[in-house]
Amino acid sequence: MTLSVQTLSQADRRLVAEWAAACAERVLPLFEAECPNDDRPRDAIARTWAFARGELDTASEIRRRFGGGSAASNATSLAAAAAARAAGQASAVCHMGAHALGAAAYAVKAASLAALDPPKAAEGELRWQFANMAADVRVALRSLPPVGEDRSGPLGPGLLASGQMGKIIRQLQAVIAGTEAL
């Protein structure tokens, strides 16, 4: 069985899961303010942290990985929905490491949608993400193909490659590669 380059090794998925969980957790209050009784995104983030620590295996998490993101349908604001999707993307890192970029991008989107000054909020969120990205996480994420070029995963042509999400992920990848500064 040939794995997609977007999968990453299990060790790298555990590394990037920690960063993805931190990114999603930062915007979780946006969802919880609207849906305080829906714990699916919080549970998805908790499972992502547990996967990063080696407490959960990939097979069991694959069956549960979309719970956090599906909570987005309960949100009334776009910011809260994006926060729930950040949690869903983070929980999917156990399956495919490229979802870490989806979690980070949805966190940027959520923060910008909730702000009075969206561009400033997006830049602030990106700065936080890079300041909290360990060198080994940067190396792992650098090995992913550019968004929109590899069809075998979440970075292929589609939702994460288009519109605001595609723009954010392209910027993330450019900064990770060192070809762009924040």
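No value in this document is a laboratory result; all are computed from the given coordinates. Quick caveat: nothing in here was measured; it's all calculated off a predicted structure. Methodologically, a virtual Cβ is constructed for each residue, glycine included, from the backbone with ideal geometry; neighbour enumeration extends over all protein chains shown.
Quick look at the values:
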read-out: Length gained when the stretch Ala11-Lys120 is fully extended (0.36 nm per residue, less Cα-Cα span); value: 35.8 nm
read-out: Protection proxy ranking, peptides 92-104, 14-26, 144-156, average beta carbon neighbours within 10 Å, highest first; value: 92-104, 14-26, 144-156
read-out: Given charges at beta-carbon only (K, R positive; D, E negative), |dipole| of the chain in Debye; value: 240 debye
read-out: Tensor-based shape of region 113-167 (alpha-carbon gyration tensor, a/c under 1.5 rounded, otherwise prolate or oblate); value: oblate
read-out: Farthest toward positive dipole pole in the chain [+1 Lys/Arg, -1 Asp/Glu at C-beta], among Ser91, Val27, Ala140; value: Ala140
read-out: For peptides 111-121, 44-54, sequence by mean Cβ density within 10 Å, most packed first; value: 44-54, 111-121
read-out: The chain - mean residue ellipticity at 222 nm from DSSP helices (-39,500 (n - 2.57) per run, n ≥ 4, rounded to 500); value: -20000 deg cm²/dmol
read-out: Relative contact order, percent, the chain [alpha-carbon distance under 8 Å, six or more residues apart]; value: 25 percent
read-out: Three-way shape call for region 95-137 based on the alpha-carbon gyration tensor, with the a/c threshold at 1.5; value: oblate
